[in-house]
Structures are given as structure tokens and as C-alpha cells.
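Since every read-out is calculated from the coordinates, none of them should be taken as a lab result. Computed from a prediction, not measured in an experiment: that's the story for all the values here. Cβ atoms come from the backbone with ideal geometry, glycine included; neighbour counts cover every protein chain shown.
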Ligand SMILES: [Zn+2]
């Protein structure tokens, strides 16, 4: 699930999240390359076994079993979910970042299974992969330089920078405190100074008494970040004092900017086009030499939350900076397969069942032993649930409508894969009668677990649903009806509201389908202590509870695929929700 979807806050929350990841492990790459090879060969073995005659016999055997009420629900088992997740959530897949080789290997794993099951490829050019175009930007170190007050500093050593091409020549310098404007708190450090054509220097931390929760509404309204204010008012660049957290994460940030690179999709590129440069204590001290306050003095005051005045540095102080960024076009992929329906007419309509198979990756500089965010629950659980449903349905009786199984990439980056598919669907979007989205269904309350965050999880035998009645009354009734006649789980609707403070409705792939008028149901366990932590790992997954939920989703998909008519959309999403 996406950490936070409000686009105005994205640069802020992603940055903070990255800042939680730190430190060095030189053995890292070698060890993982070896494990990756081992894991890859076991994948080949799995594919071989799947496509062998013996496996085919077994498949036919289970297909011949009596057709249960909602299709081959028994075909989904805890053991099978665990088998798949053992691969998908393994360290060898390196946290399935978008894009990454770990994600590509996960895609290959899914596609090879779909092939073994005989599903029809529904990606590009007869493959299971739908390419999603991306851009990668890296700092071009050779051509990036910073000169403060006549002294030249080296990228990586004394400064880091955001990924925007820029040339700042002989700009004057103005200090603007913490740099944040928050109208509701009467915070505005720009009174009495003019930033136009200057470089704005800030100690970038939220002012005393202000938290992220105070940043209400879109940026530029009630609040402005330092970079937003600077750009809007014609400044040439922002220079940040390094904070404690910047210094702790310095190597990781450098790695992100110049080795790994930043990745962009579609129009989601940063709206800040002036460089935001973070400089070392040594460099900032030299810039403030001979000013009325030293850099150390300003930093200490700002950190203590004491009032600091904004002021122009001496007119002789000048900044020259060149930031060069190398950009390349790359791609990732959604994985899509179709199980063709049995009815000659209805098979042209689809029930989509989807999850996101990406997670947030790894950081070789992370503090602590564990450098890999395995994403066993988020969304390894959904990934393997969709795979298990595809497997069970392929081996069982065919539903009348077709089933479209889709694994989205880039969800954690901002719902990229589903946005791309919704804009470039490989079947007509109007032929998708419902999308069932599975994002985090592996975690449930454990008796005796005293962790406060984990108490938010559903109980065993319970699951959170969002959206089932939001657009279609019929869909909601069908969903409840199937559940009542089947495993009778406790459906919990406490987050089923676009205005819920957690904003879950906007935080996973179903939102991009709903925006196109496709009714959706989102199944999830909400949040927990391991959400987006390196500790979201397989041993914490409750496969028995997950099996029940997965079977219920299969049954719902089966019923949708077999009803004579598709669920009517009687409550289209309001424009205010679509544009959120
Ligand atoms: Zn997530």
C-alpha cells in the first residue's frame, strides 16, 4: 500500500521515508548475487516441474472434482500461498523496488506460472508483460559543482542535490530561517526579505509547534515548503543546512542520487524545478563567515525552535552552482494474464483481480543488519493471492466471463502501474465489470500481541473491505451475499469512506480503476507495526486466515463472472473524489 497519496505531500513523505534508511555494507552485493543465482535455478526447476506431464495429470485430476458452489475455492490453500510467498518475499528479490532486477525476477516468476497454467498473455505483443515507460535521472558528478563565496566544494563530499538541471551564476544569498510558510500558525520567515534571483538558505526543519498534520490542503494554499516558496518567488536555488538526519543518511542519499538514480513516471515528475542543495557543516560555515550570525549559531537556534531573523548575507557573498543530471528512458512492467470465459458472449467481459507485486526495495546503507524491505504482507500477500486464485480457477471449472489477472508495478511509487494500465488497458476498460484489488491481506491480530499498532489489524476471520457499495449497490449486495453463503467472514467497513483520515481509498491500485468508472472492492488488513519496515517478513504472515480471505475473493470473482448481468454502477464517483 502506498505510504501517502496526496500528491502535494509526496516529495515530503518520500523524502522522510528515505531518511529513515542508512549505512554501509560492502559485502552486500556479492552475497546477494550468489543467492540470486541459486534462487533463479530453483525457479527454473519449478517451471520445469509445472510444465511436466505429471503436473498436467494432477491438474486434470483436480479439475474433474465436483464443481463447488463458487468454483474451485478449495484450489486455494495456505500451503500454496506460503510456497509462492517464500519466493516473492525472499531477500533474493531485494524488496522488489520499481524498477529493479528483483521486480523483474518476480515478474518472470509470475509469468512462468501463468504460462504453465495455460493462461492467455494479455500484455504487449503476445507476452504477459505490459511495459510501463519510466525515466531515470542521476546526478552527473563530473559536471556538477558548487562554489560558495569563492570556495569550491565537491559533490558527494560537501553537498548533495535534487535531480534538476540548473545553472546559478553569481547569485546573492539570503537566509530565511526554517523556510516554511504556515498561514494557520502565523509562520512566515519571508517578511522583510526578497528572495528573487537569490539563493535562499534555510535550516529545513518544521518550526516549533508545527507537525506534518498542520500542512492541510494543497501546497501553495495554507502552507509552502522552502523550495516551493523559493521557486514561486523567483529564487535561483535553495541551500539546506545539513541536519542530523541528513548527515546520518548522507551516504544513502548520495547513493540514491548518483548511483541508483531517481525514477519518474508520466507527469509525476517533481514540480520543483530549482535545485535544492544540501551542504555539509564545513561548507555552510564558510558561507556564513563574517556575517552577523555564524552558521553554528543559526543552526542551534533553529533546532531549539528559538526565533531567528531572516537576513541578506553581505553583498559580496555569491553562489555559483551547476547541477547536471543524466536522464535515460527505461521501463518496468505490469504482468497480465487472462483466463478465457466459457460463454461465447460473456467471455468478452472481464472480472479483474489485481495486486501490486512491487515494494519499496532495499538500501545498502540502511542502519542495522537488515537492508531489505521484503514486503511479505505489502503486497507479497496480494501478489500470491492473485496467483493462487489464477491457479485454482485455471485448474477448476471455467466461469462464463473471462478473468483478468493483473500484477501492477510501481504502486509504492504512486500507483504507477495501475495508472498506466487504466490509461492503456489491454482489454477495453469498459469490458472490465469489476476490479477486485488485494493489497495486504496477510496479517491478523495475534492473541497476546500487545503492540498497539497491531491491535488495528483485523481479527482472524475478519477483513477490511473498501468500496464494495461505493459505486454499485449491486456489487455490495453480491459481495455480502457470497460471503454469507460461503465462509461468512466478518467484513469490516470501518475504513470504507473516501473521507476516512487514513485515506485508504486513495492508497492502492483500485483507485485508478474506480476513476475510470470500474466498480471496485479493495481487500486489506489496514496497517500494522511492520508496515513499510524491514520487518514485514514472511514468518509474520497468517496463511490460514489469508487462505479464507483469498477463497472468499475467488468466490466473489466467480459469482461476478457468472451472473447474467454485470453490476450496475448506480453511484458514479463524485468529481471531487476522482480529482483527489
Ligand atoms: Zn506499501
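Sort 503-513, 284-294 for me by packing, meaning the mean count of neighbouring Cβ atoms within 10 Å per residue, highest on top.
By packing density, highest mean first, the sequence is 503-513, 284-294.
In whole angstrom, how long is each semi-axis of the equivalent ellipsoid of the stretch 458-497, when you take the square root of 5 times every eigenvalue of its Cα gyration tensor and sort them from largest down?
The three semi-axes for the stretch 458-497 are 17, 14, 4 Å.
Note down, for the stretch 319-466, the three equivalent ellipsoid semi-axes (square root of 5 times each alpha carbon gyration tensor eigenvalue), biggest first, whole angstrom.
Working: eigenvalues 217, 141, 32 Å².
Taking √(5λ) for each Cα gyration eigenvalue gives 33, 27, 13 Å.
Please report 433, 193 as a ranked list, fewest other C-beta atoms within 10 angstrom at the top and most at the bottom. Provide the component values of the computation, followed by the final result.
Working: 433 22, 193 16.
In order of increasing Cβ crowding within 10 Å: 193, 433.
Once both axes come from the Cα atoms, what is the angle between helix 28-50 and the longest principal axis of the chain, in degrees from 0 to 90, rounded to 10?
Between the helix axis and the principal axis of the chain, the angle is about 20 degrees.
As a check on your grasp of the helix formula, calculate [θ] at 222 nm for the chain: sum -39500 (n - 2.57) over DSSP H runs of n ≥ 4, divide by the residue count, round to the nearest 500.
Value at 222 nm, helices only: -9000 deg cm²/dmol.
Can you report the principal axis dimensions of the chain using only the alpha carbons, biggest first, rounded to whole angstrom?
87, 51, 50
Enter the mean projected area of the convex hull around the alpha-carbon atoms of the stretch 423-580, in nm², rounded to one decimal. Intermediate values should be presented prior to the final figure.
Details: hull surface 40.8 nm².
Answer in nm², one decimal: 10.2.
For a quick check: sort 359, 113, 532 by the number of other beta carbons within 10 angstrom, fewest at the front.
532, 113, 359
Expressed as an acute angle from 0 to 90° and rounded to the nearest 10, what is the orientation of the C-alpha long axis of helix 295-304 relative to the principal long axis of the chain?
Around 50 degrees separate the two axes.
Arrange the peptides 222-235, 384-397 so that the one whose residues have, on average, the most other Cβ atoms within 10 Å appears first. The partial results should precede the final answer.
Working: 222-235: 20.9, 384-397: 25.1.
Packing proxy ranking, top to bottom: 384-397, 222-235.
Summarise the long-distance tail of P(r) for the stretch 141-323 by giving the % of C-alpha pairs beyond 28 Å.
20 percent
Return the distance in nm (one decimal) between the two label points of a simple spin-label model at residue 79 and residue 370, each offset 7 Å from Cα along Cα→Cβ.
According to this spin-label approximation, the distance is 2.8 nm.
Counting other beta carbons within 10 Å of each Cβ, put 238, 569 in order, fewest first.
Ordered from fewest to most neighbouring Cβ atoms within 10 Å, 238, 569 come out as 569, 238.
Return the tail of the calculated pair distribution for the stretch 405-462, meaning the percent of Cα-Cα pairs more than 19 Å apart.
Details: 829 of 1653 pairs.
Pairs farther apart than 19 Å: 50 percent.
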